[in-house]
Amino acid sequence: MLLTQHYDIAYICSVAGVFNIAGILALQLDRNDLQPYFEAAQEIILKLIEAKRTPTVAETPVLRDGFNLADEWISIQNTADLTKAIMYSDREGALGNTIQRC
């Protein structure tokens, strides 16, 4: 939806959540090679939220590739690791350490 130039803050925040979970999983499982992809996508998501806009032509492939990688990465995780990552994300959110505009 975001890549079709439709701005919806709830949707963008859900995409941000996917990148957060994927990044946490990468950290937990020592997959530092994946971090740059998730961090680049997270930076773009923050810019989109701050500017209330859709991605530029240059940002679109970073988001698409980052999301596809995050989706694949999350889907191969076991329940225990996924649960830990979600719980960590929830704790960080409660502490105000995640995107505040969502």
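Bear in mind these aren't lab numbers, they're just calculated from the coordinates by the rules spelled out. All values reported here derive from a predicted model rather than from experimental measurement. Here the Cβ positions follow ideal geometry from the backbone for every residue, glycine too, while neighbour counts run over all protein chains shown.
A few points about this structure:
- If R0 is taken as 30 Å, the Cβ-Cβ distance between residue 32 and residue 53 corresponds to a FRET efficiency of 0.45.
- Here the chain is treated with +1 on each Lys and Arg Cβ and -1 on each Asp and Glu Cβ, and its dipole about the Cα centre works out to around 300 debye.
- Helix 59-75 vs. the chain, principal-axis angle (Cα, 0 to 90°, nearest 10): 20
- Sequence of 14, 75, 89 once ranked by neighbouring C-beta atoms within 10 Å, starting from the fewest: 75, 14, 89
- Farthest positive-ward along the chain dipole, Cα basis, beta-carbon charges - from 93, 74, 10: 10
- Average projection, convex hull of the Cα set of the chain: 6.1 square nanometres.
- Separation between Cα centres of the stretch 1-36 and the stretch 53-74, rounded to whole Å: 8
- Label-to-label distance, residue 80 versus residue 92, with points set 7 angstrom from Cα along the beta-carbon direction: 2.2 nm.
- Sorted by Cβ density within 10 Å, fewest first, the residues 81, 33: 33, 81
- The loop-placed trypsin sites (Lys or Arg not before Pro) in the stretch 15-102, going by DSSP, that have at most 15 neighbouring Cβ atoms within 10 Å of their Cβ come out as 31, 52, 53, 101.
- The residues packed around residue 25, meaning those with a beta-carbon under 11 Å from its beta-carbon, carry a net charge of 0 if Lys and Arg are +1 and Asp and Glu are -1.
- Gain on full stretching of the segment that runs from residue 43 to residue 71 - 0.36 nm per residue minus C-alpha separation: 8.3 nm
- Going from the residue with the fewest nearby Cβ atoms within 10 Å to the one with the most, 25, 63 rank 63, 25.
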